[in-house]
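No value in this document is a laboratory result; all are computed from the given coordinates. Keep in mind the model is a prediction, meaning the values are calculated, not measured. In this analysis, Cβ positions are derived from the backbone assuming ideal geometry, glycine residues included, and neighbour counts consider all displayed protein chains.
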């Protein structure tokens, strides 16, 4: 469901590389087949080497520090709602990112696509 939501929201072009750690959820045949059916290439970090995916590791650290570790979720649905809000609203639309010149990702993307 999360993958389908992300695909619907972003409509990525074929050729996108989906990089992840070696979590079982990303290695499952169903998940990999879904990526490939959308024209995406699955990619995984080497075992024990988080530097292969440093940007995502940085995101996960932020997610845990600024959201997950500060919440007591009631259930899975509550967790999903909080995470969707954090990522969709706070992280992407409001949070300033130093690597993007201290602007939110949505603003950076809009500037990039209009240039």
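Couple of notes before you dig in:
- Value of relative contact order over the chain, rounded to a whole percent, pairs C-alpha under 8 Å and six or more apart: 15
- Computed FRET value (nearest 0.05) for residue 103 with residue 47, which takes r as the C-beta separation and R₀ as 30 Å: 0.25
- GNM flexibility winner over the chain from 91, 102, 73 (Cα, springs under 10 Å): 102
- Of 76, 63, 35, the one that fluctuates the most in a GNM where the chain has Cα springs shorter than 10 Å: 76
- Comparing mean-square fluctuations of 24, 32, 68 from a GNM of the chain with C-alpha springs under 10 Å, the top value falls on 24.
- Residue 93/residue 32 FRET efficiency (R0 22 Å; Cβ-Cβ; nearest 0.05): 0.15
- The chain - mean residue ellipticity at 222 nm from DSSP helices (-39,500 (n - 2.57) per run, n ≥ 4, rounded to 500): -13500 deg cm²/dmol
- If you wrap the tightest convex hull around every Cα atom of the chain and split its volume per residue, you get 133 Å³.
- Per-residue Cβ neighbour rank within 10 angstrom, fewest leading, 82, 113: 113, 82
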